[in-house]
Amino acid sequence: MYIFRYREGMNLYLAALAEDGVAYRLETHDLMTLVWLARETGETTADFVRSRLRESLRIDVPAHSLDLTAPLDAPEVWAAGVTYQRSREARNFEAAEDGKVTETFYDKVYDAERPELFMKSTAARTVGPGDFVCLRSDSAWQVPEAELGLVLDRMGAIVGYTVGNDMSCRDIEGQNPLYLPQAKIWRRSCAIGPYVRLAETVTDPYALGIACRIYRGGLKVVDEKANTSQLKRRLDELVHFLKRDNEVFDGTVLLTGTCLVPPNQFTLLSGDRIEIEIEGIGTLANTAVYADELEHELARN
Ligand code: DO4
Ligand code: MG
């Protein structure tokens, strides 16, 4: 069972994509309200939605053909880093001085008890499917990071899973790790969606194929695949550290780190189309534009 949002005219609707592939418009307008309403009845969110589908408006077109938006306004998006061997290798490569890859703090954090967690985005900087993601004008080495996203409630319980893109500047982070916030956070540097698959309907989040494809002028220039089975940490371990002495807000998204990095010579360019697919969770597609061209591009579309 998937929950998503779509725009129709001036309205934004919450909807469910049921097991039979049919989408239904829901009475409730946001995911976290739905989750708490379900809890009041003692049902799981999926059962709560299922038992009300007959009274819900059936949407007679496929969900993917609707004007889909981010599935929720996540008040904060956090991200975990160096949770896969592939990410560890890529970070070591970008931090290498004079091409010499040595042991770094990335190796240490990969094995440490405490994971790397960082603030990735706020609601205003996070976009949904089909929206533009932005490139920084002061970076010459930018990549998308395909990540499984956990949607959390205010107690830190995993309510569902979504697809996330942790846009990153490899040159800025490689220059100095203290530049991490600038390598990670800027206008539209994070995308999530299009669906939240309710946690109770996912059998094994450690067995999901992840793919990242990038198209330039219609040609596929990146095609990478991996699997969440390669994750070094447990999901509840990441959530545990996020919650420690912290306030977690309803609808917070925690990205769980990337297992896919494009080849080292690759950088994103304006106009590139990024597709991130997580098996059983969804496909998130966005086009990249330079932040200083955004207004122009928005006016053209
Ligand atoms: O250490 C910097 C960021 C790592 C990251 O974003 C990832 O591993 O996904
Ligand atoms: Mg990342």
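The values are calculated or read from the model by the stated rules, or taken from the named source; none is laboratory data. Treat the numbers as computed from the prediction; the structure is a model and nothing was measured. Heads up, the Cβs are rebuilt from the backbone with ideal geometry, glycines too, and the neighbour counts pull from every protein chain shown. All accessible areas refer to the heavy atoms of the entire protein, side chains included, with ligands and DNA or RNA removed. Shrake-Rupley method; radii C 1.70, N 1.55, O 1.52, S 1.80 Å.
Tabulated results
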{"item": "Ranking by accessible area, most exposed first, for Ser168, Ser137 with a 1.4 Å probe", "result": "Ser137, Ser168"}
{"item": "Gyration tensor (alpha-carbon) shape descriptor, the range 76-300, a/c threshold 1.5", "result": "rounded"}
{"item": "Three-way shape call for the range 1-131 based on the alpha-carbon gyration tensor, with the a/c threshold at 1.5", "result": "prolate"}
{"item": "With DNA, RNA and ligands ignored, accessible area of Val127 (1.4 Å probe; Å², nearest 10)", "result": "10 Å²"}
{"item": "Cα→Cβ-extended label distance, 7 Å offset, between Leu269 and Arg39, nm", "result": "4.9 nm"}
{"item": "Distance in nm between pseudo-label sites at Arg7 and Asp107 (7 Å out along the Cβ direction from Cα)", "result": "4.9 nm"}
{"item": "Anisotropy class of the range 100-187 from Cα gyration tensor, a/c 1.5 cut", "result": "oblate"}
{"item": "Net length gained if the chain between Arg54 and Ala157 were fully extended (0.36 nm per residue, minus Cα distance)", "result": "34.2 nm"}
{"item": "Per residue value of the accessible surface for the chain (all protein chains in place, 1.4 Å probe), Å²", "result": "45 Å²"}
{"item": "With every protein chain in place, the range 28-132: carbon and sulfur % of accessible area (1.4 Å)", "result": "51 percent"}
{"item": "Linear extension gain, Ala299 paired with Lys100, 0.36 nm per residue minus alpha-carbon span", "result": "67.1 nm"}
{"item": "Using a Förster distance of 30 Å, the FRET efficiency for Phe249-Arg187 (Cβ separation, nearest 0.05)", "result": "0.90"}
